[in-house]
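> Quick one: structure below, then a few questions.
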Amino acid sequence: MRIGEALKEAGLITSDELRIVLNEQETSHDRLGDIVLRMGYVTPEDLAPVLANYFHIPFINLKECYKSFKPEVIDTVALELAKRFKAIPIEIKEKTLIVALSDPLNLLAIDTLRIKTGFKIQCVVAAESDIEEAIDYCYFNLPRMKQHINNFIDAEQALEVTLPDDMDSAHYEAGDQPVVQYVQSLIVQAINNRASDIHLQPKADRSELRFRIDGVLYASDPPPLAMIAAINTRIKILAGLDIAEKRLPQDGRFKLKVGEREVDLRISSFPTIYGESVVMRILDASTPLLGIKQLGFYPNDLEKYKSLIRRPYGLILVTGPTGSGKTTSLYTSLNEIKSKDKNIITLEDPVEYRLPFIQQSQINSQIGFDFARGLRSILRQDPDVIMVGEIRDQETAEIAIHAALTGHLVFTTLHTNDASGAPVRLAKMGVEPFLITSSLLGVVAQRLIRTICPDCKESHPLTDEIRQKHGLSEDLTHYFRGRGCSKCLNSGYKGRKGIYELMIPNEEVRKLILEQRSSEEVREAARRHGMKTLRETGIDNLKAGVTTPEELLRVTQETEEL
């Protein structure tokens, strides 16, 4: 029986589909299995057991067993080879390595694995998607980190020494192989879990490890407390920090290449009563900038915002708390308007992403190079567009506004809860209201809401309590939430998206700003002229099945209380 007949007998393709596939094979000379996959007649999960049966090779359902694989078996095959050949080592029997492959006819893979590992290779067949999932777990997940911890403890017991505090010994411990491996595994684990930050903190009788994923901290299995000093020292060495200085805060950064991705890590060490707390901010430099359409604006607001950022001069404010995506929005805006005939300069604290199309500068308060001083100097660089990381004081605000009034387009951020609070905040800093109304083009307030995991999304009936709490209409009968699965770390959420409110001052709003009225009055005037609030935008996302009532309440609670 040929493989096409085997697929037909298994009920995966029809006679007509087999005829189409065979005709395609005569033209392309590709393997029949590749063709049925390409044409979408068969899924990889359905094809794998048929191939195994056809070639009389055992089939394995990796989903049922890959979490129990031993790290020492996984380590026999390098990650690069596992990814290239879609192969995962399963077990070692005497001098034979059992390997799961999606393509049992890949002789190059089998020969390469035999040469590289020194073992005889015995193949079993598994679905390609299951192999990829197993690779992500077995090479990057916590069991390997636990193995490095055990290696560290075993080495400590064998040496019968404790971690000393002097610099030379600390440097030696930081270079110890289990410590080096643990730090590497920790970073890779965080990257693969989509974490933005790693928090490693000593307590009185234990250590604490947490990952910030989609804006929320999740606890993870921590290393032993005795290992913390060596781990922190290893991280400080990578970041070029002073490993002997443990009494003062320090900041540094280093780059790491994980596969094809280049990751920038910002390191902050902070002395506490129990030792140094280290936080690593992960910035994926290989991630391309979002297009302005992907930010999440309503179509109507998007056109208005695109019109604002193409104005020749004026002030555009982006507001929101730390971690709400303000910097991403500003970078995306600059990317949208960049051109060879524009001189774009930024002043940031710190520079988060390196952008090739603009000049970027970072403030240094230790030498007196703050936002106000840097902004004065930027104006002598003949800029067309200026981005100031944040307005923190009256001096910086006034310089930015004067720059906007003298022919420059100025982007900057401000910490306020909503768009209407921005001009009020500037006035309270001491900026004259007439300067605000003369320069302000628009204010964007934004938040990031977690989106429901598509792999475990399910519908729930909408109760009267939820409907009343969120002001939802009677015709809405259900909402969605994530059940929790391995793809979303059982959180029910995967990824985030922006929600925005865009306030473009009209005559009524400008009049209220000049009269120094409250932010509530400014907001109501803006709403009368069509502004949608953050909460209204969030409710629309709830109705569309993008997020949950709990997430909407978490993100917009402070704006609801205004």
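> Could you list, in sequence order, all residues of segment 104-118 that are surrounded by fewer than 20 Cβ atoms within 10 Å (Cβ to Cβ) and in contact with a Lys or Arg (Cβ under 9 Å, 6 or more places away or on another chain)?
Selection gives 105, 106, 112, 114, 118.
> Filter segment 453-485 down to the residues that are touching a residue at least 24 places away in the same chain (Cβ under 8 Å) and part of a helix (DSSP H, G or I), then identify the one that is surrounded by the fewest Cβ atoms within 10 Å (Cβ to Cβ). Working first, answer last.
Kept after step one, since they are touching a residue at least 24 places away in the same chain (Cβ under 8 Å), are these residues of segment 453-485: 453-458, 466, 469-472, 476, 479-485.
Now narrow it down to the ones that are part of a helix (DSSP H, G or I): 466, 469-470.
Working: 466: 18, 469: 13, 470: 20.
The residue in question is 469.
> So which helices (runs of 4 or more DSSP H) are wholly in segment 1-64 and hold at least 2 residues that are closer than 28 Å to residue 133 by Cβ and within 41 Å of the chain's Cα centre (by Cα)?
On the way: elements: 3-9, 15-28, 32-38, 44-54.
Once the helices (runs of 4 or more DSSP H) in segment 1-64 are filtered for at least 2 residues that are closer than 28 Å to residue 133 by Cβ and within 41 Å of the chain's Cα centre (by Cα), what remains is 32-38, 44-54.
Per-residue answers, yes or no, for (1) closer than 23 Å to residue 513 by Cα; (2) surrounded by fewer than 22 Cβ atoms within 10 Å (Cβ to Cβ):
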site: 387; (1), (2): no, no
site: 390; (1), (2): yes, yes
site: 416; (1), (2): yes, yes
site: 419; (1), (2): yes, no
site: 427; (1), (2): yes, yes
site: 432; (1), (2): yes, yes
site: 437; (1), (2): yes, yes
site: 441; (1), (2): yes, yes
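> Quick one: count up the residues across segment 393-422 that are out of contact with any strand residue (DSSP E or B) (no Cβ under 9 Å at 6 or more places or on another chain) and free of Cβ contacts under 8 Å to residues at least 60 places away in the same chain. Talk me through it step by step, then tell me what you get.
Our first condition is that a residue be out of contact with any strand residue (DSSP E or B) (no Cβ under 9 Å at 6 or more places or on another chain); within segment 393-422, this holds for 393-395, 398, 402, 406-407.
Applying the additional criterion that residues be free of Cβ contacts under 8 Å to residues at least 60 places away in the same chain yields 393-395, 398, 402.
Going through segment 393-422 one residue at a time, the tally reaches 5.
> Just checking, does segment 349-360 include any residue being open to solvent by less than 20 Å² (accessible area, probe 1.4 Å), farther than 21 Å from residue 309 by Cα and within 25 Å of the chain's Cα centre (by Cα)?
Yes - at least one qualifying residue is present in segment 349-360.
> Filter segment 392-414 down to residues that are over 13 Å from residue 426 (Cα atoms) and hydrophobic (A, V, I, L, M, F, W, C) and give me whichever is surrounded by the fewest Cβ atoms within 10 Å (Cβ to Cβ). Full working, then the answer.
Within segment 392-414, the subset over 13 Å from residue 426 (Cα atoms) is 402-411.
Of the ones still in play, those that are also hydrophobic (A, V, I, L, M, F, W, C) are 403-405, 409-411.
On the way: 403: 23, 404: 24, 405: 15, 409: 26, 410: 26, 411: 26.
Result: 405.
> What's the total number of residues in segment 65-78 that are in a loop (DSSP other than H, G, I, E, B) and not aromatic (Phe, Trp, Tyr)?
Looking only at that region, the number is 6.
> Now for a different question. Going by the conditions given, is residue 467 of a type in the set (Lys, Arg) and either under 17 Å from residue 327 (Cα atoms) or in contact with a helix residue (DSSP H, G or I) (Cβ under 7 Å, 6 or more places away or on another chain) (or both)? If you could, list the steps in order and put the result at the bottom.
Numbers: of a type in the set (Lys, Arg): yes; either under 17 Å from residue 327 (Cα atoms) or in contact with a helix residue (DSSP H, G or I) (Cβ under 7 Å, 6 or more places away or on another chain) (or both): no.
Taking the combined requirement at face value, the residue does not satisfy it.
> Please give the number of the condition residue 449 fails out of (1) open to solvent by 20 Å² or more (accessible area, probe 1.4 Å); (2) under 34 Å from the mean Cα position of the chain (by Cα).
In the conditions (1) open to solvent by 20 Å² or more (accessible area, probe 1.4 Å); (2) under 34 Å from the mean Cα position of the chain (by Cα), residue 449 misses (1) alone.
> While we're looking at this one, here's another question. Could you tell me which of the residues 527, 496 is in contact with a Lys or Arg (Cβ under 7 Å, 6 or more places away or on another chain), closer than 27 Å to residue 307 by Cα and of a type outside the set (A, V, I, L, M, F, W, C)? Spell out how you get there, then give the answer.
Working: 527 fails: in contact with a Lys or Arg (Cβ under 7 Å, 6 or more places away or on another chain).
Only one candidate qualifies: 496.
The values are calculated or read from the model by the stated rules, or taken from the named source; none is laboratory data. Just so it is clear, the model here is predicted, and its values are computed rather than measured. Glycine also receives a Cβ, built like all others from the backbone with ideal geometry; neighbour counts cover every protein chain displayed. To get the accessible areas, we keep the full protein, side chains included, count just its heavy atoms, and leave off ligands, DNA and RNA. Shrake-Rupley method; radii C 1.70, N 1.55, O 1.52, S 1.80 Å.
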